[in-house]
Amino acid sequence: MKTLARFLVFSAFAADIPRVWERSAVETLELPLAVREFSPSHIDETAYYSIPERVIYKSYPIYAPGRGPEGYAERLRTVEPEVAFDPSRLTTGEQWVAAGEIVFNAPTSLHPVFFTADDLGDPDFFRRSGMPVARDGSVPFARWVVRRKGLVELGSMGCNTCHTRVLKDGTVVPGAQGNNPNDREGALLLRNSAKVVAPEKILAQVLSFARQFEMPWLPDDLNRLTRSMNLEQLIAAGEAIPPGVTARANTSMLLPPQIPDLIGVRDRRYLDHTGLVRHRSIGDLMRYSSLAQDVFSSDRYGAADVEKLSVPSSRYSDAQLYALSLYLYSLRPPVNPNAFDSSARRGSLLFARERCGECHTPPLYTNNQLIAADGFSPQPGTPDVSPVRIGVDPRYALQTHKGTGYYKVPSLKGVWYRGPFGHNGSAATLEDWFDPARLHPEYVPTGFKGYDGKTRSIPGHPFGLRLPPSSRKDLIAFLKTL
Ligand code: HEC
Ligand code: HEC
């Protein structure tokens, strides 16, 4: 990693942009799904490159009510539109990384997804949704876009919408587990629209959104439950999803995943909690981003009749994806305020004694291996599969479009600034993750509680749970230094 940083900064930089949708790379990009014959197949190379490239316009920060510079809104109405990403102007590594930051923050949608422009001008919206505001008064999850002079549009659904965290002191950490309460805002948006649009119409919209998550090849697909839910229950399912967890495309409204920290992604061999996507090169990270943001919508799942949205109207260019990935590789954690004191030192000994390092192996604090979920039998000889099982909730690995049957071992770096924990963000804090009470059927998870608020207990991952409280404190003190 150090060498990459040095390379980018000090040498003349020759961009070596891989072809993103190269057939053999795409065909071997993913692990098969748990039910192999329903593994996704993707759009072919010719059709991919016929999708128009996304034009990235210059965008501007959004400020919480009363926090922007004097006359800001008026000034935005006078700026000329400008194309912000132009690879012909990029020569140094630093310029490529800076251009990648623009791609990271570039909205992909100008329709309100989780919130409207009016919401962002309404102090009450911030109180009700809990949307965090940065120290400088900005809202780093969305941007104002100017495509035509005089027209200022709200844009969101760039990487920043989900992968930006605002710490308690207002520091913005790009790439960290996001903490915009996306799905709660989405629920609020539905509640507000139900006052002006016929509820049946909204219900139909939500049901059609929910259809994309179904797994028609499973006899007992949990996702199918949404069909029999009423609007109030569907809205409540959205409200149940805390910041740091989100029902992204190809995940599940009822089984949403934790948003992973992208800081350190360069060292991970597999992407997604289920290890779905191989990360063999920068090209694979580029393929991941294109697929997750746009191209997934044209996937086919064997012979299954899956509700899909068809070919996307735009995609990132290969150069945009390359810049974006260089930016992701350049991300660094914020300065860690936790000292390696005597408690942390004792904790580090416990970490070794409890053999945490067999899975969370230093220096990455992951061995980059996959662990089979209960109910799944890996094919013998599958590389990188650990022989151990840990008994965590298997549903995300079995009942979603990302379900390979595995969970990957996550890195423990940066746990001090992130949370909630576990693949579904069910434990709000490290203290809760190591609280033995979480195994009890009457336990109420402190993070994501389940769509109906009734899912009790956080099963599995028994490591560290039998330590006496003072040792647990030391172990956590150590983890917070990583
Ligand atoms: C709507 C929210 C959302 C948006 C927008 C979004 N992501 Fe994600 N991202 C997620 C969630 C949730 C996951 C976890 C999915 C899983 O594990 O199955 C994820 C996973 C990832 C991963 C896998 C990381 C790992 O270690 O497993 C990468 C890489 C990633 N996103 C990059 C991006 C990039 C780059 C963009 C913009 C081009 C982006 N994401 C946009 C929510 C989002
Ligand atoms: C056999 C492998 C294995 C061992 C041993 C192990 N872990 Fe884990 N750990 C995992 C896996 C897999 C997950 C992800 C669980 C999930 O996705 O729900 C995980 C998750 C975690 C998390 C939550 C991380 C996050 O970002 O959500 C923490 C914290 C953690 N482990 C700490 C430890 C500590 C401390 C020990 C030793 C006391 C330990 N683990 C032992 C495999 C292991």
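The values are calculated or read from the model by the stated rules, or taken from the named source; none is laboratory data. The model shown is predicted, which means the values in this text are computed figures rather than measured ones. Quick reminder, even Gly has a Cβ in these numbers, built from the backbone with ideal geometry, and neighbours come from all protein chains shown. SASA here: full protein model, heavy atoms, side chains in, ligands and nucleic acids out. Shrake-Rupley method; radii C 1.70, N 1.55, O 1.52, S 1.80 Å.
Pop a pseudo-label 7 angstrom from the Cα along the beta-carbon direction at both K168 and T92 and give the gap in nm to one decimal.
Simple spin-label model gives 3.8 nm for this pair.
Counting only protein heavy atoms and using a 1.4 Å probe, what share of the accessible area of region 342-479 belongs to carbon plus sulfur, as a whole percent? Working shown, then result.
Numbers: 3630 of 6230 Å².
Percent of accessible area from carbon and sulfur atoms in region 342-479: 58.
Among S50, G71, P81, which residue has its Cα furthest toward the positive end of the charge dipole of region 46-102, with +1 on Lys/Arg Cβ and -1 on Asp/Glu Cβ?
Positive-end residue among those listed: G71.
At 1.306 mPa s and 10 °C, plugging the Kirkwood radius over alpha-carbon pairs of the chain into Stokes-Einstein gives what diffusion coefficient in µm²/s? Spell out each step's value before the answer.
Values: Rh = 23.5 Å.
So the translational diffusion coefficient is about 67 µm²/s.
Once you put a point 7 Å from the Cα of L439 and another 7 Å from the Cα of K149, both along the Cβ direction, what distance in nm separates them?
Between L439 and K149, the simple spin-label model gives 6.9 nm.
In what sequence, largest accessible area first, do H461, H440, H111 appear using a 1.4 Å probe?
Working: H461 25, H440 100, H111 140 Å².
Accessible-area ranking of H461, H440, H111, largest first: H111, H440, H461.
Once amide H atoms are placed 1.01 Å from N in the peptide plane, what residues at a sequence separation of 5 or more from V245, or on another chain, have their amide H within under 5 Å of its amide H?
Distant-sequence amide H within range of V245: I259.
For region 342-479, what is the accessible area per residue in Å² when the probe is 1.4 Å?
Working: 6230 Å² over 138 residues.
Here the per-residue accessible area is 45 Å².
Using the Karplus equation 6.51 cos²θ - 1.76 cosθ + 1.60 (θ = phi - 60°), what ³J(HN,Hα) coupling, rounded to whole Hz, does each residue of region 33-40 give in order, writing x for Gly and Pro?
The phi angles translate into 6, 3, 9, 3, 5, 9, 5, x Hz.
I'd like the FRET efficiency for V83 and R19, computed as 1/(1 + (r/R0)^6) with the beta carbon distance as r and R0 of 22 Å, rounded to 0.05.
On the way: r = 23 Å, r/R0 = 1.05.
Computed FRET efficiency for V83 and R19: 0.40.
Name all residues of region 121-157 having a backbone nitrogen under 20 Å from the label point set 7 Å from the Cα of K195 along its Cα→Cβ direction, giving them as ranges.
121-131
At R0 = 41 Å, how high is the FRET efficiency between R67 and R355 if r is their beta carbon distance? Nearest 0.05 is fine. Walk me through the numbers on the way to the answer.
Values: r = 49 Å, r/R0 = 1.18.
E(calc), rounded to 0.05, equals 0.25.
Within the chain, which is the longest segment that contains none of the trypsin sites (Lys or Arg not before Pro) sitting in a DSSP loop with at most 15 other Cβ atoms within 10 Å?
On the way: sites that count: R19, R67, R77, R135, K149, K168, R280, K308, R355, R389, K454, R456, R466.
Result, exposed sites excluded: 169-279.
Name the residues of region 452-482 whose amide N is less than 15 Å from a point 7 angstrom out from the Cα of E431 along the C-beta direction?
469-478, 480
How much accessible area does D118 have with a 1.4 Å probe, in Å² rounded to the nearest 10?
About 130 Å², rounded to the nearest 10.
In whole percent, and with a 1.4 Å probe on the protein chains, what portion of the accessible area of region 24-135 is carbon and sulfur?
Values: 3070 of 6000 Å².
Summing carbon and sulfur atoms, their accessible area is 51 percent of the total for region 24-135.
Give the calculated FRET efficiency between S342 and L364 to the nearest 0.05, with a Förster radius of 35 Å applied to their Cβ-Cβ distance. If you can, show how the numbers build up before the last one.
Numbers: r = 26 Å, r/R0 = 0.73.
My answer for the efficiency is 0.85.
Please report the projected area of region 35-192's Cα convex hull averaged over all directions, in nm².
Numbers: hull surface 52.7 nm².
Average projection, Cα convex hull of region 35-192: 13.2 nm².
Looking at the square roots a ≥ b ≥ c of the eigenvalues of the Cα gyration tensor of region 115-209, which shape do they give, rounded for a/c under 1.5, prolate if a/b is larger than b/c, or oblate?
On the way: a/c = 1.83, a/b = 1.46, b/c = 1.26.
Prolate, because a/c is 1.5 or more and a/b exceeds b/c.
Hey, what do the phi angles of region 376-390 turn into as Karplus ³J(HN,Hα) couplings, whole Hz, using 6.51/-1.76/1.60 and θ = phi - 60°, x for Gly and Pro?
With coefficients 6.51, -1.76 and 1.60, one gets 10, 10, x, 5, x, x, 5, x, 6, 9, 6, x, 8, 10, 10 Hz.
Taking the Cα centre of the chain as the origin, how large is its charge dipole in debye, to the nearest 20, when only Lys and Arg (+1) and Asp and Glu (-1) carry charge on their Cβ atoms?
Details: 56 positive and 51 negative charges, 192 e Å.
Dipole size: approximately 920 debye.
How large is the charge dipole for region 246-356, taken about the Cα centre, if only the Cβ atoms of Lys, Arg (+1) and Asp, Glu (-1) carry charge, to the nearest 20 debye? Can you show the working numbers first?
Details: 15 positive and 11 negative charges, 98 e Å.
So the dipole magnitude of region 246-356 works out to roughly 480 debye.
According to the square roots a ≥ b ≥ c of the eigenvalues of the Cα gyration tensor, what is the shape class of region 290-374, taking rounded for a/c under 1.5, prolate for a/b larger than b/c otherwise, and oblate for the remainder? Can you show the working numbers first?
On the way: a/c = 4.00, a/b = 1.85, b/c = 2.16.
The shape class here is oblate.
Report in % the part of the accessible area of region 137-220 that belongs to carbon and sulfur, leaving out ligands and nucleic acids; probe 1.4 Å. The partial results should precede the final answer.
Values: 1970 of 3490 Å².
Summing carbon and sulfur atoms, their accessible area is 56 percent of the total for region 137-220.
What translational diffusion coefficient, to the nearest whole µm²/s, does region 342-479 have by Stokes-Einstein, given a Kirkwood radius computed over alpha-carbon pairs, a temperature of 20 °C and 1.002 mPa s viscosity? All intermediate terms of the calculation are to be shown ahead of the outcome.
On the way: Rh = 15.8 Å.
Stokes-Einstein gives a translational diffusion coefficient of 136 µm²/s.
When you take every Cα atom in region 206-325, what is the radius of gyration, and what is Dmax, the widest Cα pair distance, in Å?
Cα radius of gyration and Dmax of region 206-325 are 15.9, 45 Å respectively.
Quick one: length gained pulling S457 to N230 fully straight, 0.36 nm per residue minus the C-alpha distance? Walk me through the intermediate numbers first.
On the way: separation 227, 0.36 × 227 = 81.72 nm, distance 2.62 nm.
Computed gain between S457 and N230 is 79.1 nm.
Between R135 and A12, what is 0.36 nm times their sequence separation minus the Cα-Cα distance? Round to one decimal in nm. If you can, show how the numbers build up before the last one.
Working: separation 123, 0.36 × 123 = 44.28 nm, distance 3.58 nm.
That pair, R135 and A12, stretches by 40.7 nm at full extension.
How far is it, in nm, from the label point at S41 to the one at S310 when both lie 7 Å from their Cα along the line to the Cβ?
The two pseudo-label positions are separated by 2.1 nm.
According to the Cα gyration tensor, what semi-axes, each the square root of 5 times an eigenvalue, does the equivalent ellipsoid of region 232-295 have, listed from largest to smallest in whole Å?
After diagonalising the Cα gyration tensor, the semi-axes are 27, 12, 9 Å.
Would you mind working out the accessible area per residue for region 86-204, using a 1.4 Å probe, and quoting it in Å²?
Accessible surface, normalised per residue, equals 45 Å².
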